[in-house]
Amino acid sequence: MKKSIALPLAGLALSPLFIMGALLVFIMLLVAVFGGTEQTSDFYSVEMSELAANEIPSEFIPHYKAAGEKYGVNWLLLASIHRQETNFSRNLAVSSAGALGHTQFMPCTFVGWSYPTCGGLGNAPIPESVLTSPGQIKNYGGYGVDANDDGKADPWDLEDAIHTMANYISQNLKGATEEEKMKNALFIYNQSDEYVQEVFTRFMTYSNGFVERKISAGALIAGDIAWPVPFTQRITSSYLDPNRNNHVGIDIASPGVNGTEIVAYMAGVVIKSEYHYKVLPSGKALGWGHYVRIDHGNELHTIYAHMIKPGIPAGTKVKVGQVIGYVGSTGKSTGPHLHFETLVNGKAVDPIPYLNKLIN
Ligand SMILES: [Zn+2]
């Protein structure tokens, strides 16, 4: 019986029409999967960076996306946690604290803290038949999820573990901004500031476009250009300042400027967001610290240096007046200020003519 059905199918599978049809379905699938990666909301983008594409095992991505969509959690955050917990399931040993499975849940968090022997850090001995039972988990108020519908919520099953992680994160997303919500949820996941910092930093590098798309409320904008530091218009060092060695930008600073917003001079694309500092053999130090470089098109670029922390990631499209970082004193700097450069065809030029409209 089987053979008589299989033979005509085999013939059909080789026919050009079938191959074309299959190809078409494949292309449509590709469009459905990859066309959907650029979901941008008003505030956030969840584009995957090149680093994310290189690091995240592609077979896990559908699970992150499904779980993220179901529980309202950015899927790249789920990938970042998974990376932190077990290096994408390459290290599945039970942790010293007793955390289990692909996403390292404490047994009590998985099955529910009202389980009779639960307490302390949550490493209670729980029989597997209870730990993985959706009914028992419901009873004890746990977070374990049976995502693959096999009747077991299994921390050792990848799909179940990723959904359980999304379930847990989603219930702890509390805060005023997306960043705050994620950081609070991460803190509850692992109770450590260092953990929050590590996972969130990875998330930032995975989600190239994850930035609060915030136009500074105080931005001084004239047409298509903005003054880079809303807090102050004071210039403390000019282009080619005679007292400085080859100072090819302007410095903007005033008391209290530390930590205040730096905004994009013009719409464009962030092409660099890096940390730069080095000490030469002579002992002389140089460096912009955390800096951002934006390409505005027409061979015009701008550089914003000495930011207090990393600015928005490379690859991000920005609008005029959009917050791209915060004033600091990283790199070679003697105090909080913005070092701002304008470059035409790669060569630094005096920024003042480009800011004239904004200077009284
Ligand atoms: Zn400077």
>> Charges on Cβ only, +1 for Lys and Arg, -1 for Asp and Glu, centred on the Cα centroid of the chain; of 171, 275, 346, which one is farthest towards the dipole's positive end?
In response: 346
> Counting only residues 5 or more places away or on other chains, whose amide H sits under 5 Å from the amide H of residue 240 once H atoms are built in the peptide plane?
Replying inline: 247, 248, 249
>> Can you tell me what percent of all Cα-Cα pairs in the chain are more than 26 Å apart?
In response: 61
> Which of rounded, prolate, oblate describes the stretch 94-153, given a ≥ b ≥ c as roots of the alpha-carbon gyration tensor eigenvalues and a/c under 1.5 marking rounded, otherwise prolate only if a/b is larger than b/c?
Replying inline: oblate
> Among 326, 277, 64, which one shows the biggest mean-square fluctuation in a GNM of the chain, springs joining Cα atoms closer than 10 Å?
Replying inline: 277
>> Helix-only mean residue ellipticity at 222 nm, the chain, DSSP H runs n ≥ 4 weighted -39,500 (n - 2.57), per residue, nearest 500. What is it?
In response: -10000 deg cm²/dmol
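Rounded, prolate or oblate: pick one for the stretch 221-358, where a ≥ b ≥ c are the square roots of the eigenvalues of its C-alpha gyration tensor, a/c under 1.5 means rounded, and failing that, prolate if a/b is larger than b/c, else oblate.
Working: a/c = 1.35, a/b = 1.29, b/c = 1.04.
Rounded, since a/c falls under 1.5.
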>> How large is the Rg to Rh ratio of the stretch 172-289 when both quantities use alpha carbon positions and Rh follows Kirkwood?
In response: 1.04
> Using a Gaussian network for the chain with springs between C-alpha atoms less than 10 Å apart, which of these wobbles most: 148, 345, 184?
Replying inline: 345
> Taking amide hydrogens as modeled 1.01 Å from N in the peptide plane, which residues meet the under 5 Å criterion relative to residue 326, leaving out close sequence neighbours?
Replying inline: 262, 308, 309
> In degrees between 0 and 90, to the nearest 10, how far off the longest principal axis of the chain does helix 158-170 point, with axes built from Cα atoms?
Replying inline: 50
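Calculate the translational D of the stretch 49-206 in whole µm² s⁻¹ from Stokes-Einstein, where the hydrodynamic radius comes from the Kirkwood formula applied to all Cα pairs, the temperature is 20 °C and the viscosity 1.002 mPa s.
My calculation gives 138 µm²/s for D.
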>> Keeping every protein chain present and rolling a 1.4 Å probe, give me the accessible area per residue for the chain in Å².
In response: 51
> How large is ³J(HN,Hα), in whole Hz, for each residue of the stretch 117-133 in order, when computed from phi with the Karplus curve 6.51 cos²θ - 1.76 cosθ + 1.60 and θ = phi - 60°, using x for Gly and Pro?
Replying inline: 8, 6, x, x, 7, x, 9, 7, x, 10, x, 4, 5, 8, 3, 9, 8
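The values are calculated or read from the model by the stated rules, or taken from the named source; none is laboratory data. The structure displayed is predicted, hence computed values, not measured ones. Cβ sites come from the backbone with ideal geometry, for glycine too, and all protein chains shown count toward neighbours. In case anyone asks, the SASA skips ligands and DNA or RNA and just uses the protein heavy atoms, side chains included. Shrake-Rupley method; radii C 1.70, N 1.55, O 1.52, S 1.80 Å.
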